[in-house]
Amino acid sequence: MALSGLNLVVSAVGFAVLNEKLKRLEGKLNEIQQEVKAIRSLLEIEERAKLSAALRDLLSISEIKNSNHRHYDTVQRKKIYLAQLISNTKNFYWVLILSKQQWLTKSIFVLLLWHMLAA
């Protein structure tokens, strides 16, 4: 009888120790989750800024009077921004999924349409 009581105490202590370790692990996971959310937010902001700059540049192309300069500038900007889009496809995909703002989707659509028409 004493052995079964001792076994019960050992099991309870073991459970308490394991429970404490799990709580600490859960706390660490919550900290990591917050850091991942912050990083994701920063990536989204960076991608939006790049896309906004690309759109602003594309809209200002018409202000260049010399057609040779305008064509050269357009081709160079297209190469730069398409390289950014290709290299960051995964980030853009997640930004599109996570973003509830329609301007981002429309902006990417405009850039891709512009690329298809210019090709």
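Can you give the net charge of the other residues whose Cβ lies under 12 Å from the Cβ of Ser41, counting K and R as +1 and D and E as -1? With Lys, Arg at +1 and Asp, Glu at -1, the neighbours total -1. Looking at region 1-52, none of the trypsin sites (Lys or Arg not before Pro) sits in a DSSP loop with at most 15 other Cβ atoms within 10 Å of its own Cβ.
Bear in mind that the values in this text are calculations on the coordinates, not laboratory data. The shown structure was predicted, so the numbers you read here are calculated from the model rather than taken from an experiment. When we count neighbours, we look across all protein chains shown, and the Cβ atoms used for this are built from the backbone with ideal geometry, even at glycine.
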